[in-house]
1. Quick check on ALA183: is it touching a Cys at 6+ places or on another chain (Cβ under 9 Å) and not polar (S, T, N, Q)?
2. Name the pairs whose Cβ atoms lie under 6 Å apart, with the first residue in the range 34-52 and touching a residue at least 12 places away in the same chain (Cβ under 8 Å) and within 15 Å of ALA183 (Cβ to Cβ), the second buried (at least 18 other Cβ atoms within 10 Å of the Cβ) and of a type in the set (Val, Ile, Thr), and 6 or more positions between them or separate chains?
3. Of everything in the range 134-192, what is of a type in the set (Phe, Trp, Tyr), within 16 Å of LEU63 (Cα to Cα) and part of a loop (DSSP other than H, G, I, E, B)? Give them in sequence order.
4. Which one of LEU81, LEU93, LEU66 is in contact with a Leu (Cβ under 7 Å, 6 or more places away or on another chain) and on the phi > 0 side of the Ramachandran plot?
5. Out of all the residues in the range 74-82, is one or more within 15 Å of PHE217 (Cα to Cα), buried (at least 20 other Cβ atoms within 10 Å of the Cβ) and modelled with pLDDT of 85 or more?
6. Show the residue pairs that are 6+ apart or on different chains and have beta-carbon atoms under 9 Å apart, the first residue being within the range 159-172 and at pLDDT 95 or above and β-branched (Val, Ile, Thr), the second being surrounded by fewer than 16 Cβ atoms within 10 Å (Cβ to Cβ) and not in a helix (DSSP H, G or I).
7. Here's a check for you: in the range 204-250, which residue that is over 19 Å from the mean Cα position of the chain (by Cα), among the polar types (S, T, N, Q) and assigned to a helix (DSSP H, G or I) is surrounded by the fewest Cβ atoms within 10 Å (Cβ to Cβ)?
Amino acid sequence: MLDQPKNSEDSSGEFTIPPFFEPGVPVIRGINWGGFLALYWKEVRRFFKVQLQTVWAPSITTLLFLVIFTVALGRGGRTVLGVPFADFIAPGLICMGMIQNAFANSSFSLLVGKIQGTIVDYLMPPLSVGELLAGLVCASITRAVLVGFAVWLAMALWPGVSVWIVHPWAVIWFGLMGSAMLALLGVLTSIWAEKFDHAAAVTNFVVAPLALLSGTFYSIDKLSPLFQAFSHANPFFYAISGFRYGFLGEADSPILQGSIVLLAVNIVLAIICYILLKKGWKIKS
């Protein structure tokens, strides 16, 4: 064992303890990478343990959307943005599957801890608020990436659909930004919610409508000015449109504008989540 520093004697003849032994003084300085990675792998292993439900089932559901809408609306050589209808909706479905599963993952973690009384497992470890938030968000993004890859692989093997990537940087950027946005929204939901019904309400009345009205199945150029304005106010739209640009080279909105909007939304959500976690709102009694 390493020799422990001995107590020193001050001018008054009393023994004092070195400052780094004082209670309440942090010993870990900088980023606690060990704690962050432990939380990250805990969250990843939690959803990967039931991967049939958390990764592969969403892939099959998204593929069914592609089949149904292609059969119903893609006949007769219909094209959107100059490409076949199936090629148009495929990237949007991939992105929609990613962001919905990012939300599902992060909205579950803290909520189940509050309901089961295991929230102390998140609060007691020597993790800063930023490290706790980053661990939850990164794990949710990981699930989103896995779901996105599974959906992309299934669509690549499906006849009549082309999911060839034209701009990889756009796929990576908008995929990560969209997933991070929903992961942060999920953390915010899990902080606010007190039971699963609350989280389900956010899913049904906020996430699902915004995802379905984000231009996944249509081009907003065909909409009336009022609904076009609504689409431009929907941050999900920029994630879908930018992600689709990575596959088709075409988008419904300026790519730079979408990048800035998503980055700004993520910064605002991250600040709100950080403040609420710092205060322990609805988490610490």
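1. Yes; evaluated as a whole, the condition is true for this residue.
2. Correct list of pairs: VAL44/THR142; PHE47/THR54.
3. Listed by number, the list holds a single entry, TRP158.
4. After ruling out the rest, the residue left standing is LEU81.
5. Checked against the condition, which is being within 15 Å of PHE217 (Cα to Cα), buried (at least 20 other Cβ atoms within 10 Å of the Cβ) and modelled with pLDDT of 85 or more, the range 74-82 yields no hits at all.
6. VAL171/ILE165
7. GLN228
The values are calculated or read from the model by the stated rules, or taken from the named source; none is laboratory data. Quick caveat: nothing in here was measured; it's all calculated off a predicted structure. So basically every Cβ, Gly included, is an ideal-geometry build from the backbone, and we count neighbours across all protein chains shown.
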